[in-house]
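S.K.: Before we start, here is the structure in question, set down as C-alpha cells.
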Amino acid sequence: MVTRERPTLEAVARRAGVSRATVSRVVNGSTTVAVAIRDAVQQAVEELGYVPNLAARSLVTQRTESIALILPETASRVFSDDLFFPAVIRGVSAELEAADKQLVLMMASSTAGHDRVERYATAGHVDGVMFASMHGTDPLPGALARRGIPVVCSGRPMTPAALAVPYVDVDHIGGVAAAVRHLLGLGRRRIATVAGPQDMVAGIDRLTGYRTALAEAGLSEHVAAGDFTRESGIHAMRRLLAEDPDLDAVFVASDMMAHGALQALKEAGRRVPEDVAVIGFDDVEISRLSDPPLTTVRQPIVDMGRTMARQLLGLVGGNTDVPAAVVLPTELVVRASA
C-alpha cells in the first residue's frame, strides 16, 4: 500500500513561486500580502490539497480556533426533551461554523465541574467561553474574564463582580407583563403563576413581570415555584389548585412547566381555556403540539445563541465595540389555551 505524503508549506511555496514565510502568512490569515500573491498561494493550496497543521498554526497565531459553551446543568437536564438547550446550541453552532471555529460543549453542574472548566479555559485550550443557563451568583464568568479570557453570558449575570461581562438576554419582564395583561383582557381575575427558579435571572424577571401586571390591576398574587421541568409544573399547578380552587388563569414561566400544568389541570377536571386559561414562555415545539395548543411568550432562542457567539467572536478578534448588553424582544403568540 502506497501512503501519499502530506503536502507541506514548502511544497505550496514551490508551486506558488513564493517563499515559505509568505505561504505561512496567507494560511494564517494575514491581510498584508498582495492580492495576486494571496490568490496564487490559495490556488496552490487547493491544487495540492494542503491542510494546515493546527498545532503549528496555533503557535503562530496564539489561537486554538475553539470556543467553549458552558452549560451549568446536569447532562440529564441538557439532553432531556426540553428544546431550549438544543436551540441555544444550534444558534451558537451556526455562527461558529460560519467563522470556521470549533465548538466545545461542557457541562458544569458541580464544584468539580466548575474547577474543570476553569482549568481547561485558563490552560489556553479555547479562545473564549460562553455561559448559558447560569444559576445563582456564579463567580466563574467574572473570574475567567479577570484572567483575560473573553467571556459572554446568556442571561444577565447575578454576580456583581461579573456584571462587566457582556451578555445577551431577552425582555422577560415586558414579555410576561404583556401575557398577564392579555389574560386580564380576557376577563380573568384570579391569575396565578408557576414561577421559574429564583436562583436564575430568567426566573426572577418573569416573576417580576407577573407581579408588575397584577399590581397595575390591583389583584392579589398566587405563586408556586418550579424549576423549568415538566414535573415541577405538574406539582406547582396542583399546589395552586389546592390553595385556590377558583383560579381562572395561570401564567407558567416555561413551556415545559406549562405542559405539566396542562396535565395537572386535566387531572383535576378543569377545562382549558374555559375554566382556566394558560400561557407559557419560550415557544418551543411542545407549545404547538400540546392539547390545546399553548399561548406563549416567544423568546428568540436561536438568535440568542447566534448573538452570544457573535459577541464572543468580536471579543476574540479584538473588537472594542462589542456591546456590553444586548436585550432581544419577546412576542406574545396567541393560541387556543388563552
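S.K.: Going by what's in this entry, would Arg288 be described as open to solvent by 50 Å² or more (accessible area, probe 1.4 Å), of a type in the set (Lys, Arg), within 26 Å of Arg156 (Cα to Cα) and in a helix (DSSP H, G or I)?
M.R.: No.
S.K.: A follow-up question, please. Among residues belonging to the stretch 323-336 that are within 18 Å of the chain's Cα centre (by Cα), open to solvent by less than 70 Å² (accessible area, probe 1.4 Å) and of a type in the set (Val, Ile, Thr), point out the one that is modelled with the lowest pLDDT.
M.R.: Val326
S.K.: Of all residues in the stretch 281-338, how many are basic (Lys, Arg) and more than 30 Å from Leu247 (Cα to Cα)?
M.R.: Qualifying residue count for the region: 2.
S.K.: Here's another thing I want to ask about it. From the set of residues in the stretch 209-229 that are within 19 Å of Gly174 (Cα to Cα) and among the acidic types (Asp, Glu), which is nearest to the chain's Cα centre (by Cα)?
M.R.: Glu221
S.K.: Determine, yes or no, whether Gly280 is surrounded by fewer than 21 Cβ atoms within 10 Å (Cβ to Cβ), outside any helix (DSSP H, G or I) and small (Gly, Ala, Ser).
M.R.: no
S.K.: For the stretch 7-37: of the residues being open to solvent by 60 Å² or more (accessible area, probe 1.4 Å) and within 36 Å of the chain's Cα centre (by Cα), which is modelled with the lowest pLDDT?
M.R.: It comes out as Thr31.
S.K.: Which of the residues belonging to the stretch 298-324 are part of a loop (DSSP other than H, G, I, E, B) and in contact with a Ser or Thr (Cβ under 6 Å, 6 or more places away or on another chain)?
M.R.: Passing the criteria: only Gln299.
S.K.: Any residue in the stretch 254-266 that is open to solvent by 10 Å² or more (accessible area, probe 1.4 Å) and of a type in the set (S, T, N, Q)?
M.R.: Checked against the condition, which is being open to solvent by 10 Å² or more (accessible area, probe 1.4 Å) and of a type in the set (S, T, N, Q), the stretch 254-266 yields at least one hit.
S.K.: Mind listing just one residue for me: the one in the stretch 73-114 that is acidic (Asp, Glu) and open to solvent by less than 70 Å² (accessible area, probe 1.4 Å) and, of those, farthest from Tyr167 (Cα to Cα)?
M.R.: Result: Asp82.
S.K.: Within the stretch 246-259, is there a residue that is hydroxyl-bearing (Ser, Thr, Tyr), in contact with a strand residue (DSSP E or B) (Cβ under 9 Å, 6 or more places away or on another chain), more than 19 Å from Arg188 (Cα to Cα) and modelled with pLDDT of 95 or more?
M.R.: yes
S.K.: Looking only at the stretch 119-128, filter to residues that are part of a helix (DSSP H, G or I) and open to solvent by less than 60 Å² (accessible area, probe 1.4 Å); which one of those is nearest to Gly155 (Cα to Cα)?
M.R.: For the stretch 119-128, the residue satisfying everything is Ala121.
S.K.: Considering each of Ala44, Ala40, Ala68 in turn, give the residue that is closer than 30 Å to Thr111 by Cβ and either surrounded by 12 or more Cβ atoms within 10 Å (Cβ to Cβ) or modelled with pLDDT under 80 (or both).
M.R.: From the options Ala44, Ala40, Ala68, the qualifying one is Ala68.
The values are calculated or read from the model by the stated rules, or taken from the named source; none is laboratory data. No experiment lies behind these values; they were computed from the predicted model shown. All Cβ positions, glycine included, derive from the backbone under ideal geometry; neighbour counts span all protein chains shown. For the accessible areas, the whole protein counts, side chains as well, though only heavy atoms, and no ligand, DNA or RNA atoms are used. Shrake-Rupley method; radii C 1.70, N 1.55, O 1.52, S 1.80 Å.
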